[in-house]
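*Asks:* This is the structure I have questions about; it appears just below.
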Amino acid sequence: MEGNNDSVDVTGDNRISKLPKPILHHILSFISSNDAARMSTVSKVCASAWNSLPYLNFGYIHYGSQHMHDVIDQILANRKKNNIPMQNFSLWLGYYHPRLSFVDNWIKILVACNIKQLNLREKPDNVYYSLPETIFSAKSLTVLSLEGFKIELPADEHLSLRYFNGLTSFQVGETLPKLKKVNLVNLANQENLGYDHSVLQLIDIAAINVEDLSINNHSHGNINAVRVTDCKTLKSFYLNCVDITDNWLEELFYSLQNLEKFDLT
């Protein structure tokens, strides 16, 4: 019986070794990074697949897990060294730490590796840790999911969101006093590009010092509602494909006393 079991194991290894690396990556993407690392000991092929795996899900990390910090440091450094484009990175820190410099370093590496989906969770304890400004240079990022973290605008005071998909509402509150310019460009021909059909339904802008606001909508339908409140310094306002009424225009012009330019198409 023992000889038969050994024979089955060898056959299984051979079958795994014959799988193309993209298939192995796909299989490993469904399990945690810890389990994927264990599988790397099965064969050289699995080890190679693990070392180039673009999907990393580390799950929950306990307080004081310096060993895991070092492990993640090493894994990400390896991805950067070998120019591996990252598809997904997920992590849940089960504690709050006032100085998460190691997270800043991880994000810098992930941005350099053209990360597409970034999922970060942390126990906030009523205090939210600010992500580094490097996140704004993540040109390949399509999904950013945060819990216990926050994003602060960089010093250029300009927020630009272009060619996004799946977003149904966008809100900017008065907690961003530095913000002076907002530029939104919604994606055109979503279905032709293979994206799920979704239309931006609501835009709510309450930035007290914003001077320039542009909403350029090219999706399949008009934006249903645009709210502009407390924007007393707004000077330039551009709207494209937005549902408006006469009452909305009357209230808008009444509240925006400093408005110098208004374009509606």
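The values are calculated or read from the model by the stated rules, or taken from the named source; none is laboratory data. Everything numeric in this text was worked out from a predicted model, so none of it was measured. All Cβ positions, glycine included, derive from the backbone under ideal geometry; neighbour counts span all protein chains shown.
*Asks:* Could you check, for region 125-147, whether at least one of its residues is part of a loop (DSSP other than H, G, I, E, B), touching a Gly at 6+ places or on another chain (Cβ under 7 Å) and modelled with pLDDT under 80?
*Replies:* Yes, that holds for at least one residue.
*Asks:* Look at region 31-65 and say how many of its residues are in a helix (DSSP H, G or I), within 20 Å of the chain's Cα centre (by Cα) and free of Cβ contacts under 8 Å to residues at least 40 places away in the same chain.
*Replies:* Result for region 31-65: 0.
*Asks:* Just need a number here: residues in region 76-87 that are more than 13 Å from residue 107 (Cα to Cα) and either part of a strand (DSSP E or B) or out of contact with any Pro (no Cβ under 9 Å at 6 or more places or on another chain) (or both).
*Replies:* The total comes to 4.
*Asks:* Can you find even one residue in region 216-226 that is closer than 30 Å to residue 130 by Cα, buried (at least 16 other Cβ atoms within 10 Å of the Cβ) and either modelled with pLDDT under 70 or not polar (S, T, N, Q) (or both)?
*Replies:* yes
*Asks:* Another question, then. Quick check: is even one residue across region 95-114 under 19 Å from residue 49 (Cβ atoms) and either touching a His at 6+ places or on another chain (Cβ under 8 Å) or modelled with pLDDT of 95 or more (or both)?
*Replies:* Of all residues in region 95-114, those under 19 Å from residue 49 (Cβ atoms) come to 113.
So of that shortlist, the ones also either touching a His at 6+ places or on another chain (Cβ under 8 Å) or modelled with pLDDT of 95 or more (or both) come out as 113.
Checking region 95-114: at least one residue is under 19 Å from residue 49 (Cβ atoms) and either touching a His at 6+ places or on another chain (Cβ under 8 Å) or modelled with pLDDT of 95 or more (or both).
*Asks:* Taking the conditions exactly as written (within 30 Å of residue 73 (Cβ to Cβ), part of a strand (DSSP E or B), among the hydrophobic types (A, V, I, L, M, F, W, C) and modelled with pLDDT of 70 or more), does residue 120 satisfy them or not?
*Replies:* Taking the combined requirement at face value, the residue satisfies it.
*Asks:* Now, a different point. Scan region 175-212 residue by residue and report those that are modelled with pLDDT under 75, part of a loop (DSSP other than H, G, I, E, B) and polar (S, T, N, Q).
*Replies:* Correct list: 175, 189, 190, 192, 198, 201.
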